[in-house]
Amino acid sequence: MVLKIHNTLSGTKETFEPVDKNHVRIYACGPTVYNFAHIGNARMAVVNDLLVNVLRTQFKRVTYVSNITDIDDKIIDAAHELNEPIKNLTTKYTKIYNDDMGFLNVKLPDIQPRATDHIGEMIDLIKKLMEKNYAYEKDGHVLFHVPSFSKYGVLSKRNRDEQIAGSRVEVAPFKKDPADFILWKPSPDPLPGWESPWGFGRPGWHLECSAMSEKTLGLPFDIHSGGMDLVFPHHENEIAQTCSLDDNHEPASFAKFWFHNGFVNVEGEKMSKSIGNIKLVHDLKKQYKGEVLRLTLLSAHYRQPLNWTKEIIDQNSKMLDRFYRSLKELQDVEISSDLVSEDIMESLLDDLNTPKVLAKLNTLSNTLSSADTDEKRNIKNNLIATGKILGVMQEDPNIWLGYNQTANPEKEEIEGLINQRNEARRSKDFKLADQIRDKLKSKGIEIEDTKNGTIWRKDS
């Protein structure tokens, strides 16, 4: 079996072959840290975490880099509005972002570079572009001259008119061409900035990822990823400024694969501040378990739009409960392997086809009641091994399902009644034992007698 990934550059699903078979390298555009992450940001993080997990089943060494943008006009505006130092703001929201993603079982990237730590690399890149006449300086601004790059539009497949319209930037008087984009801009006092050959200023957003990806991974690397909204202009501009330094202007001199996840809509509408339907992970984590949110983000194929609704979340919550009930029923079954079965692995390797994977896990779970010992072993193995790759089913089933809840204020009373019932059963006073069970049931307490003792849960 081989891994196949949809490559935005070619528009087709391709067999993944790394530049270096001994070392797979991935770069994902990370957050701009001035506010809480929304569920669209989380989808990118979760999907990339899944991709890395799958790659690590196939290759011995995988390096995953995802940056932090900690200098940007939005950051400057937010810091000014809050009357807070920029460094304090970005440090705070970087931690919140990492904590929120951790809640979704997203592992920290192997390297998480900050833009402000790589200003030198950005200035060096601009110098190279200017030396080769791909960039020019005007009124303290340095701009990339889009017509100088022969393959501009290769990723987004946009024509000239679409490029200008889609860039959504002001056609400033210092531009030679309306599509030209900023590499460096002035920072008049009191705005933050750095000294450069073109005066005190700060980098353009597109420049940051080109510099950081080359610094951390070298060129070319294997996969450059992000949300679909980054295809144009961000990734298109990254390709232009990096690949212009390649004599043939080949995008493959930067990254072989361009990997993009689809949008998250809310109740059928695009997330928007004006509509007021932006779903923040920081808020959602107060209502739902992390694995429920993660599974919901993986429930649709990563390239397809995901419609975020309460119904979808509830469906995935019930699915997880069903998987955990199966694992609880199988807790005494010994497994002999930690590998995913071939048919499930085949779906994972087929462009991360999570809907197929989940369908297969549901089928396995539904056959549990009639399964023999070997089949039970296979079911448990697949639930555990696939769950590890998907980033779910990582909890103890008893805890997930609410058995022996340590936070329940009635815990002492409940366990006292259970002890009385167990004593009654030992004394063969089954009438009293049944009465105590009925009393517990009236309190919404479900009990189960196992070979390791009686366990209980609050019935939800």
Checklist line | Filter result for the condition that a residue is in contact (Cβ under 8 Å) with a residue 24 or more places away in the chain and touching a strand residue (DSSP E or B) at 6+ places or on another chain (Cβ under 6 Å), over LEU284, LEU219, LEU207, LEU230 | finding: LEU207
Note to self: Kindly evaluate ARG43 against the criterion of being buried (at least 22 other Cβ atoms within 10 Å of the Cβ) and in the same structural domain as GLU250 (by TED's automatic domain parsing).
What the structure shows: yes
Margin query: Restricting to region 1-49, and then to whatever is of a type in the set (S, T, N, Q) and touching a residue at least 24 places away in the same chain (Cβ under 8 Å), can you tell me which residue is farthest from HIS206 (Cα to Cα)?
Written below: ASN22
Item checked: Hits in region 322-332 (condition: crowded, with 16+ Cβ neighbours inside 10 Å and in contact (Cβ under 8 Å) with a residue 40 or more places away in the chain) -> PHE323, TYR324, SER326, LEU327, LYS328, LEU330
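Hey, does region 362-383 have a residue that's hydrophobic (A, V, I, L, M, F, W, C), within 22 Å of the chain's Cα centre (by Cα) and buried (at least 16 other Cβ atoms within 10 Å of the Cβ)?
Within region 362-383, one or more residues are hydrophobic (A, V, I, L, M, F, W, C), within 22 Å of the chain's Cα centre (by Cα) and buried (at least 16 other Cβ atoms within 10 Å of the Cβ).
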Margin query: Given the criteria at positive phi and either within 23 Å of the chain's Cα centre (by Cα) or surrounded by fewer than 17 Cβ atoms within 10 Å (Cβ to Cβ) (or both), does ASP351 qualify?
Written below: yes
Notebook entry, point to check: Under the condition of being loosely packed, with under 12 Cβ neighbours inside 10 Å and within 20 Å of MET228 (Cβ to Cβ), which residue from region 272-313 is farthest from the chain's Cα centre (by Cα)?
Noted result: ILE275
Margin query: I need the full set of residues from region 238-271 which are part of a loop (DSSP other than H, G, I, E, B) and under 20 Å from the mean Cα position of the chain (by Cα), in order please.
Written below: GLY262, PHE263, MET271
Check: Among (1) assigned to a helix (DSSP H, G or I); (2) touching a Pro at 6+ places or on another chain (Cβ under 8 Å), which single condition is TYR64 missing?
Finding: (1)
Item checked: helices (runs of 4 or more DSSP H) contained in region 345-460 and holding at least 1 residues over 19 Å from LEU327 (Cβ atoms) -> 354-366, 411-426, 430-442
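With ASN316, ASN307 as the choices, which residue is outside any loop (DSSP other than H, G, I, E, B), touching a strand residue (DSSP E or B) at 6+ places or on another chain (Cβ under 9 Å) and closer than 23 Å to LEU361 by Cβ? Before you say what the answer is, go through the steps one by one.
On the way: ASN316 fails: touching a strand residue (DSSP E or B) at 6+ places or on another chain (Cβ under 9 Å).
The match here is ASN307.
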Check: Which condition number does GLU311 fail, the rest of (1) among the acidic types (Asp, Glu); (2) within 30 Å of ILE5 (Cβ to Cβ); (3) assigned by TED's automatic domain parsing to the domain that holds ASN382 being met?
Finding: (2)
Next item on the list: Take the residues in region 323-344 that are in a helix (DSSP H, G or I) and under 24 Å from the mean Cα position of the chain (by Cα), then tell me which one is nearest to ILE455 (Cα to Cα).
Entry: TYR324
Check: In region 10-22, how many are assigned to a strand (DSSP E or B) and within 17 Å of SER253 (Cα to Cα)?
Finding: 1
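Out of all the residues in region 66-76, which are in contact (Cβ under 8 Å) with a residue 40 or more places away in the chain and surrounded by fewer than 21 Cβ atoms within 10 Å (Cβ to Cβ)?
ASP72, LYS74, ILE76
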Note to self: Of all residues being of a type outside the set (Val, Ile, Thr) and more than 7 Å from ARG457 (Cα to Cα) in region 402-414, which is modelled with the highest pLDDT? Just the residue, please.
What the structure shows: GLU413
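The values are calculated or read from the model by the stated rules, or taken from the named source; none is laboratory data. Everything quoted here is computed from the prediction, not taken from an experiment. Using ideal geometry, Cβ is built from the backbone for each residue, glycine included, and neighbour counts are taken over all protein chains shown.
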